[in-house]
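To start, the structure under review is shown below, and the notes come after it.
The numbers here are math on the coordinates, done by the rules we state, and not lab data. Note that the structure is predicted; figures quoted are calculated from it, not measured. Virtual Cβ from ideal backbone geometry, glycine too; neighbours counted across all protein chains shown.
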Amino acid sequence: MRLEKCWFCSSTIYPGHGIQFVRNDAKIFRFCRSKCHKNFKMKRNPRKVKWTKAYRRLHGKDMTQDSTFEFERKRNRPERYDRNLAENTLKAIKKIDKVRVDREARHHALRMKGKKAKEQKEAQKELEQHIHLLKAPAVLQEDPSLTLPKIKVKVSQQQSEENQAMEE
Amino acid sequence: MVQYNFKKITVVPPGKDFIDIILSRTQRQTPTVVHKGYAISRLRQFYMRKVKYTQQNFHEKLSTIIEEFPRLDDIHPFYGDLLHVLYNKDHYKLALGQVNTARNLISKIAKDYVKLLKYGDSLYRCKSLKVAALGRMCTVIKRIGPSLAYLEQIRQHMARLPSIDPNTRTVLICGYPNVGKSSFINKITRADVDVQPYAFTTKSLFVGHTDYKYLRYQVIDTPGILDRPFEDRNIIEMCSITALAHLRAAVLFFLDVSGSCGYSIAQQAALFHSIKSLFMNKPLIIVCNKTDLQPLEGISEEDMKLVMEMKAEAMKTVLGQGGEPTNDEGVLLTMSTLTEDGVIAVKNAACERLLNQRVEIKMKSKKINDCLNRFHVALPKPRDQKERPPCIPQAVMEARAKEAAEKEKRKTEKDIENENGGAGVYSASLKKHYILSNEEWKEDIMPEILDGHNVADFIDPDILLRLEELEREEGLRQAVEEDDDFEMDGKELTSEEQEALAEIRKKKSLLIQQHRIKKSTAESRPIVPRKFDKNKEFTTKRMGRQLSVLGLDPSLAINRARSRSLSRKGRKRERSPAYDGGDAMDVDVDTPKKKLRARSRSLSLSRSRSRPPSEVTPGEGFKDSAQKVKAIKLGKKSVKMRNKDARNGRGSNNDVLQSSRQLPKFARSYGGSSSIRFFIRRFMVAASKEAGNAFWSDKFTFTSFSLPGYMLFWQF
């Protein structure tokens, strides 16, 4: 039993899932679900489809090179069974996973580093430039605080109507 | 040696099908077209040909049937008797006889009718003669229908008879039911006969083949025979009797010494004595079966006596053949088919005796003399008295001895399997012979998948070292990281500012939405200038609201807007009579405020009421109300006729009514039946009917025809 990788999105394919397509030149394409399969049939390039791992790696969204990836390599020659080795391997897998997850998180944090400052700067600018949508500049000059004006009651027009009614 | 193969007989069709086949063939293979204008000789020839053709076909097919079915007298008496036993000989001959007579009858009919046809004088007469001829032939066939069905059944059964060669070396197995005959044949040949605990499991003869001394022997399994008088025997038993009677074979009489077949040894002995006449000139061996249940030595005295009697009888046959009189080894044998103990010995004995007998007979017959001079067995003459045994090297002898010993000692996996309960119960442990550093690890189960990874991909002898390195790296990196962890936060927005920002964003998105709506509808809707807003969108109230939302005081702007409004200034002068007569406006700025106000108010009031249809509002696009009225009239006129006819429009499925009388009276917009319009309408109806038909038959499109019709129509 082997877990494979989906050719399109690079997620793991568990047993009992997905479709394998064998081309005439004997290259095997494995897909984890029909979404990937249909995209493949449409001849889409996974490097251009945003949600695939290939895209993310290519555009630097996810970590590409790391020593943790070296541990997991497909070996074609089987090793003779050794209980200690098996035990150690199992423990090691867990540790390696942890390390890899930490590193990925670090990569992500690094990528998002300057976001907060940028957002704040942008917000400031917007506020300065478009405050006229909320408060007329004349009013702003008088009252530089940002309290928004409330809708005032209608002016003398109605009063004059009432007067007229009374008159006639 | 003729191989009797009844599988090659052609299928006999049932009566009806027979007739159908022949008649359809006649119809297909002879010319079909004939007219009464042809010359009379041609007509006669036409019909004569049909009659003769039909007769020939019948003759052919019936002849094949007659020839292919075997004649019981001409075939080997074994088959003849077998077929007689299975299907009654008389019945069979009768059926074939009927087919023969049918053939002759048909020939006669055809001859007669051909003679009559020679003098047929009209088409009709010739035709009826032919019909009569064919009809009579078919009746003949219909009458032999049951015979044909019977022959078909026989054919099917014959095809399934076992192919027994009566002339070759044969071993026959007989005895009471359930004694073990079928098990024996299953053991020595590749035949797969049913073995069941009930009697008469085997209901017909079965053939198997086995080899002995490079020669092939037929082994025939028969159904069991009961001890009954000859006349009472049923068909199944008669099969075995027939086989016994006609085949020159070695006979193995099976005896069940344990009595588990349900019949005692006495009964079996009685049977033996009643059919011993059939064993003349045949090498007979008495086989005691089921010795695993009851060994031969253990039976009672009387039974032993009976068995010895039988043996004596069998010995007589040996004597009769000129074999050694004192050799009684091959006469009475014991075996058990369950444990396979002695089965091969029985087979060998039977084959040996048969072979010897056949060789003897051949030697005695004349034929051998022709070939005898071609045989010569050369034996070298001994030179001296020295013994020269075959020379085998010592090493080979030792190896042979060792092999023999090993063969005894070694235990195979199969033996282990059998010990532990057989194939279904025991499953061999495949991990037994694993070569591992530690024997305890043989039964270990290693996981293949962990947390979405394949464990096999990680297995590496120095994984621990590498893991250590990794952890060291990680530790270092973490230490470095902690130093430059936090970021400068910078200025954060206060809650007030955040609120304002949210508002700004909301307003912006609203504006964008509105703009998008306007953009999408801009092409389909004309842009009405603001001064002609019919829906009263641009009011001072609205302006006031918008300005006060921004925090400004709108009163000044509103007053200014009001003072410049049209109602105060007055509209452009109109000369239309449909307007309120007295209110013709004369703009005068100096009219007193009161009057102005009253007028403005009445005008504003009148504006809020619904307008008359001919009144033209400024944004509509009409010059004056006269134009508007005319436009409305034109529009109505264009739909008037269609509405009257209650139709959907020109392009819909216009199934024109058959006559104007089908229309309701009010919809008829043309004159009486004598009017020219009605006449033209009728023409149109007829034409469109034709068009309707043509629509489906030709590539005539409906619209292309009806359109000019309608255009004509509209002119009236």
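Some notes on this structure:
- Residues A:Y55, B:Y124 in ascending order of nearby Cβ atoms (within 10 Å, fewest first): B:Y124, A:Y55.
- Selection among B:A110, B:S122, B:P162 by position relative to the dipole of region B:48-184 gives B:S122 as farthest towards the positive end (Cβ unit charges, Cα centre).
- Modelled label positions at B:K111 and B:R28, each set 7 Å beyond Cα in the direction of Cβ, lie 3.1 nm from each other.
- Relative contact order of region A:1-61, pairs being alpha-carbon contacts under 8 Å that are 6 or more residues apart, as %: 30
- Contact order normalised by residue count of region B:170-364, Cα under 8 Å, 6+ apart, percent: 23
- Here B:F254, B:F458, B:F200 are placed in order of increasing Cβ neighbour count within 10 Å, fewest first, which gives B:F200, B:F458, B:F254.
- Considering all different alpha carbon pairs of region A:1-137, the Kirkwood hydrodynamic radius works out to 19.4 Å.
- Shielding by partners for peptide A:130-141, expressed as the average number of C-beta atoms from other protein chains within 10 Å of each residue's C-beta, is 5.
- Counts of other chain beta carbons within 10 angstrom of each beta carbon in peptide B:437-450 average 3.
- When the Cα atoms of region B:186-230 are aligned to their principal axes, the ranges along those axes come out at 40, 25, 13 Å in descending order.
- For region B:137-273, the antiparallel share of DSSP beta bridges with both residues in that region comes to about 45%.
- Normalised radius of gyration (Cα atoms, divided by 2.2 N^0.38 Å) for region A:1-61: 1.11.
- Taking every alpha-carbon pair in region B:366-500 and binning the separations at 10 Å intervals from zero gives 7, 10, 13, 12, 11, 12, 8, 8, 6, 3, 3, 2, 2, 1 percent.
- The alpha-carbon atoms of region B:58-188, seen along their principal axes, cover 78, 25, 23 angstrom, with the largest extent given first.
- Restricting the calculation to Cα atoms, region B:359-416 shows an Rg/Rh of 1.35 when the hydrodynamic-style radius is the Kirkwood one.
- Evaluated at q = 0.18, 0.20, 0.27, 0.28 Å⁻¹, a Debye calculation over the C-alpha positions of region A:63-127 (equal weights, vacuum) places log10 I(q)/I(0) at -0.81, -0.90, -1.15, -1.18.
- Ranked list, fewest to most other Cβ atoms within 10 Å of each Cβ, for B:W441, A:W7: B:W441, A:W7
- Residue mean of other protein chain beta carbons inside 10 Å, A:83-90: 6
- Look at the alpha carbon pairs under 8 Å that are at least 6 residues apart: their mean separation over the length of region B:15-160 gives a relative contact order of 38 percent.
- Modelled FRET efficiency - R0 35 Å, B:A428 with B:M308, Cβ distances, 0.05 increments: 0.10
- Region B:170-364: translational diffusion in µm²/s, Stokes-Einstein, Kirkwood Rh over Cα pairs, 25 °C, 0.890 mPa s: 148
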